[in-house]
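Note sheet for the following structure.
Just so you know, all these numbers are worked out from the coordinates, no wet-lab data involved. Remember, predicted model here, so these are calculated numbers, not experimental data. Glycine also receives a Cβ, built like all others from the backbone with ideal geometry; neighbour counts cover every protein chain displayed.
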Amino acid sequence: MVESFEKIPVQIFSTPKEGSLFVAREISNLIKQKQSLGQNCVLGLATGSSPISLYRELVRLHREEGLSFHNVISFNLDEYYPLEREAVQSYWSFMHQYLFNHVDILPLNIHIPNGEWKKEEIKKHCLALEDKIEAAGGIDLQVLGIGNNGHIGFNEPGSSIYSKTRLVTLENSTRIANTKNFQNISRVPRLAITAGISTIMKAKRIILLAWGMKSAIVAKSVEGNVTEHVPASLLQTHSDCLFVIDEQAATELTRIKYPWLTGEIEWTPLMIRKAVVNMTLKTGKPVLMLTNKDYNDYSLGDLLVEKGDAYEINLQVFYMLRDSITGWPGGKPHAVIPGHPERSEIQPKRCVIFSPHPDDDIISMGGTFMRLHDQGHDVHVAYQTSGNIAVTDEFVTRFLDFAVGFEELSGIDSSMSTAILDKARHFLDNKKPNQVDTDQIRQIKGLIRRCEAKATCRYVGLKDDHIHFQNLPFYETGTIQKNPMTEEDVRRTVVLLRKLQPHQLFCAGDLADPHGTHKVCLDIIFESLKRIKAEGDEWIKDCWVWLYKGAWQEWDISAIEMAIPMSPDQVMKKRYGIFIHQSQKDMVPFQGDDSREFWLRAEERNSNTADLYAKLGLTRYAAMEAFVRWHY
């Protein structure tokens with residue numbers, strides 16, 4: 001019998017898509033049930049990245065299975081203030097883009113707070129929204145997301161459980177987290193209109209969606225104390241609430257992180273490693289210093305009963321950790337090392353590093369990148385997207401100005417370049433905050449990033465024929481929101497893989513954001529490998545896939561299967577490689593909820609991994625890059 005530490009029911013799905021299908025089916029059934037009774041279905045709807053896949057599935061149900069929204073009345077949770085309704089970042093635009101424009105809901109039944117309301121009239125409009133909800137019979141089903149600080153809607157920590165629809169001030173952490181929609185934090189509104197916690201709690205049923213890097217706040221919300229400092233924890237007092245999350249968002253739940261506390265489990269080698277590493281970090285002792293008393297004190301007495309004395313278990317885990325550390329990411333030639341993470345045979349290996357943006361290779365695995373090349377492997381880099389949207393407008397005029405000056409310096413007719421520069425200046429000087437760049441400016445921004453990526457590869461030592469720019473179509477929307485992967489994305493990837501026939505693939509394993517560029521890029525690689533394997537290509541049998549993390553987080557120390565140590569000099573060399581990407585330096589566009597520059601994020605993350613290994617009793621290095629193998 002597994003004991004639950006969760007005070008709110010939680011359903012965990014393998015992927016956000018699977019979770020979204022589950023919720024979409026529940027909403028569909030509710031709409032149909034209400035239709036059979038001749039009643040309206042009142043839905044409370046959320047925005048942000050979490051419900052996008054849910055809305056896409058509802059649209060599919062409408063188009064392919066005839067689900068009608070004719071009896072649906074919707075109330076959206078919130079809206080930025082002040083913000084034009086037609087702005088790309090407005091939640092009015094969001095809802096129409098992902099749902100309302102594609103289903104048969106009546107426009108009169110759509111209710112969204114308006115970022116254009118006069119400030120002195122906001123209270124009146126908020127009261128009117130509350131009255132409309134009550135007149136509609138109350139919300140039958142409220143869909144929620146959750147912020148990293150636990151906010152629901154825009155009810156920030158400290159919001160009263162009695163709060164109603166109102167104008168609120170956004171916390172700085174919330175504004176930083178939303179810079180991905182506004183390019184930089186200065187453009188993110190400081191205020192928002194939101195339904196209150198009391199308004200949310202009146203819903204008959206609540207479903208909260210959480211994907212990816214929300215694990216810490218999910219655990220606090222469903223297992224911690226009820227407190228207004230974690231607004232989502234107040235949902236513990238609701239009579240019918242469900243959290244629908246993916247495996248990534250579940251990692252901090254007790255049943256996942258400490259399963260030995262919840263009942264009987266199977267003590268596999270990986271589970272033993274996870275339990276002992278966790279205990280080591282809690283006790284502050286190295287692995288080899290743990291005692292039988294420590295095992296009993298940390299609820300691991302059952303492990304002693306099954307596996308014997310602490311000494312033997314400690315050695316098993318120590319050897320597993322030791323064997324994950326290697327200075328030979330492509331395998332050590334002419335050596336037989338049973339516990340080594342990579343094969344010694346096939347030397348040199350042909351390695352392909354897939355980089356979602358034109359700098360992820362050097363940021364996330366720059367030390368390993370250089371080590372592979374220096375050890376004689378045939379290293380290729382595939383830049384999956386142009387990364388053009390992350391280049392600021394100032395860089396466009398700066399480089400065009402250089403082009404004009406270079407032509408004049410070289411005695412070349414600069415009239416065409418001057419005309420392009422003048423045209424670009426005119427457009428950028430008159431560009432509205434949310435206006436999409438012209439095709440020409442997007443191409444120039446892509447060229448800037450392409451040149452930086454080439455310079456980085458040359459810095460490492462690669463020749464130009466080992467640098468591949470895929471320019472995958474899904475990315476080229478000209479806006480922050482990207483398309484799902486397309487058939488052409490997969491085709492280009494399959495063609496490249498078949499051309500190179502690699503023995504090693506290194507891919508960005510960022511499974512955290514279901515709609516981020518990294519996640520789509522990884523899905524494209526997985527789909528490509530699946531097709532190649534199904535079609536019987538022989539080379540695929542010798543191809544191993546290693547996943548690295550992006551600039552935001554690292555693999556859990558107990559999950560790392562290959563750790564590449566770096567000396568202080570190698571850390572500095574990697575830093576200088578990152579510096580080549582000048583368009584991404586000093587002010588990072590779309591930096592998410594981390595204000596540090598990418599080089600600093602990478603160094604601190606790599607240093608922290610090395611520190612954790614040292615705390616476990618292993619050799620102390622300056623830094624480490626970490627990888628997990630993906631099996632297909």
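With the contact rule set at Cα under 8 Å and sequence spacing of 6 or more, what percent relative contact order holds for region 264-324? Please report the intermediate quantities before stating the final value.
Details: 35 pairs, mean separation 21.4, N = 61.
35 percent.
Rounded to whole numbers, the Karplus 3J(HN,Hα) couplings from phi for region 462-474 are 6, 8, 4, 6, 9, 10, 10, 10, 7, 6, 4, x, 4 Hz, using 6.51 cos²θ - 1.76 cosθ + 1.60 with θ = phi - 60°, and x at Gly and Pro. Taking every DSSP beta bridge that has both ends in the chain, the antiparallel portion is near 30%. Taking amide H as placed 1.01 Å from N in the peptide plane, the amide H of TYR81 sits under 5 Å from that of LEU191, ALA192, ILE193, each at least 5 places away or on another chain. Here's the picture: charge each Lys and Arg Cβ at +1 and each Asp and Glu Cβ at -1 in the chain, and of LEU321, GLY405, GLN89 the one pushed furthest to the positive end of that dipole is GLN89. When you filter the GluC sites (Glu not before Pro) in region 474-570 for DSSP loop state and at most 14 other Cβ atoms inside 10 Å of their Cβ, you are left with GLU535.
For GLY153, the residues 5 or more places off, or on other chains, whose built amide H falls under 5 Å of its own are GLY145. Each of (i) 1.04; (ii) 1.10; (iii) 1.22 is a candidate for Cα Rg over 2.2 N^0.38 Å; the one calculated from this structure is (i). Put simply, the amide H of LEU208, placed in the peptide plane, has neighbours under 5 Å in LEU144, LEU242, PHE243, VAL244, leaving out anything fewer than 5 places away on its chain. Positive-end ranking of ALA203, PRO189, LEU167 along the dipole of region 164-210, with charges on Cβ about the Cα centre, is headed by ALA203.
Around the Cα centre of the chain, unit charges on the Cβ atoms of Lys, Arg, Asp and Glu (plus for the first two, minus for the last two) sum to a dipole of about 200 debye.
Once the chain from GLU527 to ALA135 is taken as fully extended at 0.36 nm per residue, the excess over their C-alpha distance is 136.3 nm. Run through region 412-469 and list the trypsin sites (Lys or Arg not before Pro) located in a DSSP loop whose Cβ has at most 12 other Cβ atoms within 10 Å. Sparse-neighbourhood loop trypsin sites (Lys or Arg not before Pro): LYS463. Each Lys and Arg adds +1 at its Cβ and each Asp and Glu adds -1 at its Cβ; summed about the Cα centre, region 11-255 shows a dipole of about 160 debye.
Positive-end ranking of TYR298, PRO286, MET271 along the dipole of region 264-324, with charges on Cβ about the Cα centre, is headed by PRO286. What you get for region 449-493, charging only the Cβ of Lys and Arg (+1) and of Asp and Glu (-1), is a dipole of about 200 debye around the Cα centre.
Taking other C-beta atoms within 10 angstrom as a stand-in for reagent exposure, LEU167, LEU83, LEU315, LEU209 fall in the order LEU315, LEU167, LEU83, LEU209, fewest first. Ordering GLU408, GLU597 by the number of other Cβ atoms within 10 Å of each residue's own Cβ, fewest first, gives GLU408, GLU597. Converting phi to 3J(HN,Hα) with the Karplus coefficients 6.51, -1.76 and 1.60 and the offset θ = phi - 60°, region 88-93 yields 4, 7, 5, 6, 5, 5 Hz in sequence order, with x at every glycine or proline. Estimated from helices alone, the mean residue ellipticity of the chain at 222 nm is -12500 deg cm²/dmol (sum of -39500 (n - 2.57) over DSSP H runs with n ≥ 4, per residue). For TYR548, neighbours were defined as the other residues whose beta-carbon sits under 10 Å from its Cβ, and their charges (Lys and Arg +1, Asp and Glu -1) total -4.
Taking a straight Cα-Cα cut-off under 18 Å and skipping sequence neighbours fewer than 8 places away in the same chain, the lysines within cross-link reach of LYS423 are LYS431, LYS432, LYS445. Across region 332-342, coupling constants 3J(HN,Hα) worked out from phi with the 6.51/-1.76/1.60 Karplus curve, θ = phi - 60°, read 8, x, 6, 9, 10, 10, x, x, 5, x, 10 Hz, and Gly and Pro carry x. Of all beta bridges that DSSP places with both ends in region 11-255, some 30 percent have antiparallel geometry.
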